[in-house]
Amino acid sequence: MHDPTVFRSMHFERFHGEPAIFVAPGRVNLIGEHTDYAEGFVMPVAINFATLAGISPRSDGKIVVYSENFREERTFEAAALPVKRSGHWSDYPMGVVHVLAGEGHRIPGFSLSLWGDVPLGSGLSSSASVEVATALAVESLVGASYPGPVLARLCQRAENHFVGASSGIMDQFISVNGKENHALLLDCRDLSFQLAPIPDRVALVIANTMVKHSVAGGDYTTRRAEAEEACHILACHRPEIRFLRDATLDDLDKWGDEIPPNARKRAKHIITENQRTVAAAKALLNSDLHELGRLMAEAHWSYSHDFEASCVEADAMVNLAQDLPGLIGARLTGGGFGGCTINLVEQKAAGTFAEALGGRYAAQIGIVPEIHICHASGGAHHYA
Ligand code: ADP
Ligand code: MG
């Protein structure tokens, strides 16, 4: 993570105010893809890449936000907050400000600096880390203190309604509630969660395919709509199915013929993924890494074949990892169509694994991937 001392002086030199500093991590999802909006289960991990937010009050009624990543500053009037997005990075912090103002907080003028080492736009949720770090910073300024799950919901609202990106609750929730050396099994229905320890000897190797395809008709929104269509048809037969979380493979067997083929496949992925995610948490709690790896592989091919949200590069990254020493399990993580794979790897083999995987991928695909060896870190907090 970036050095908070350097960050502190950077903020001070720019704004001439001593900042309170907050940090919020990015995340990687071990298993449970496209299950969050189906009120199902996900099992993310907060990672040791994070965004720092430094905040200090101003007396001129202005809100000035600066991102060191973009080396750019934007100014707003606290008394006339923007009410809609501008398509700029400042939408993320200002979305949070907008939501907090909507909660009834009077927002004073302040200076906010942001600096993150979560790779932007790689599926490791730099966006949630910016939102959560900003939320903690602004919260401290206005004297609010929301419980973690509520804060996560507020940040999700900023992303959904202000930034305009439809996403579930996972990213913000894990950024707020992550725990060092643990994965978090989250029930997206009621936000109850269970922590599962990740053994010391396991490293999280995140491999960026460096591609992000925008497939015509193949994005997050269409997949979500297809899943919802399948759910709707099943619910006609069994009204207690409010979300795919409530459906079973039995239901699909019985009524699948009425569902358009693509929607049926999406539903199959979500239903089986929910089962796998709960089983994966159990495997982790039992220290059964072999079973966890098996479930991750199954999840990848379900994501690739049934949900059709993988791509040639991601399938290659998963395949090329298979026979490398130290691999426990590998799959494409995040919204799909590119982005990163998550590889659970024996810690002592992680370095050679990363190097070999990078070499193989470059040779086969012709792109040099970014590979990060990470560990599970704690959730967002005030940086003393
Ligand atoms: P991901 O969340 O997977 O990294 P997104 O597209 O959801 O990708 O979010 C990336 C966007 O979040 C960036 O394009 C930028 O607008 C905003 N963002 C992330 N980190 C920062 C930062 N340190 N400073 C300013 N904006 C940031
Ligand atoms: Mg994001």
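The values are calculated or read from the model by the stated rules, or taken from the named source; none is laboratory data. Quick caveat, the model's predicted, so the values are computed rather than measured. Positions of Cβ are generated from backbone atoms using ideal geometry, with glycine treated the same way; all protein chains shown enter the neighbour counts. In case anyone asks, the SASA skips ligands and DNA or RNA and just uses the protein heavy atoms, side chains included. Shrake-Rupley method; radii C 1.70, N 1.55, O 1.52, S 1.80 Å.
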Of all residues making up region 86-112, the number that are part of a loop (DSSP other than H, G, I, E, B) and surrounded by fewer than 22 Cβ atoms within 10 Å (Cβ to Cβ): 11
Among the residues that make up region 1-11, is at least one of them open to solvent by 40 Å² or more (accessible area, probe 1.4 Å), closer than 30 Å to Leu285 by Cα and outside any helix (DSSP H, G or I)? yes
Quick check on my filter: what residues within region 188-206 are open to solvent by less than 20 Å² (accessible area, probe 1.4 Å) and more than 23 Å from Val118 (Cα to Cα)? Cys188, Ala196
Do we find a residue being under 19 Å from Phe173 (Cα atoms), at pLDDT 95 or above and within 14 Å of ligand 2 (Cβ to nearest atom) anywhere in region 85-92? yes
If you take the residues of region 126-172 that are away from ligand 1 (no atom under 11 Å from the Cβ) and touching a Phe, Trp or Tyr at 6+ places or on another chain (Cβ under 6 Å), which of them is nearest to Ala46 (Cα to Cα)? Ala152
For region 175-208, what are the residues that are in a strand (DSSP E or B), more than 21 Å from Arg276 (Cβ to Cβ) and out of contact with any helix residue (DSSP H, G or I) (no Cβ under 7 Å at 6 or more places or on another chain)? Asn208
List, please: which pairs have Cβ atoms under 7 Å, are six or more places apart or on different chains, and start with a residue in region 313-341 that is farther than 18 Å from Gly168 by Cβ and touching a residue at least 60 places away in the same chain (Cβ under 8 Å) and end with one that is open to solvent by 30 Å² or more (accessible area, probe 1.4 Å) and of a type in the set (Lys, Arg)? Gly338/Lys212
Which members of region 282-301 meet the condition of being of a type outside the set (A, V, I, L, M) and open to solvent by less than 10 Å² (accessible area, probe 1.4 Å)? Gly293, His300
One residue is enough: does region 229-240 have a residue meeting the conditions open to solvent by less than 80 Å² (accessible area, probe 1.4 Å), outside any helix (DSSP H, G or I) and either within 30 Å of Ile328 (Cα to Cα) or at pLDDT below 95 (or both)? no
Does region 214-227 contain at least one residue that is touching a residue at least 12 places away in the same chain (Cβ under 8 Å) and over 30 Å from Glu313 (Cα atoms)? no
Qualifying positions in region 119-130 - in contact (Cβ under 8 Å) with a residue 60 or more places away in the chain, under 15 Å from Tyr92 (Cα atoms) and more than 8 Å from ligand 2 (Cβ to nearest atom): Ser129, Val130
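Search region 60-69 for residues being outside any strand (DSSP E or B) and more than 16 Å from ligand 2 (Cβ to nearest atom), and hand back the single one that is nearest to Ile107 (Cα to Cα).
Taking the candidates together, the pick is Gly61.
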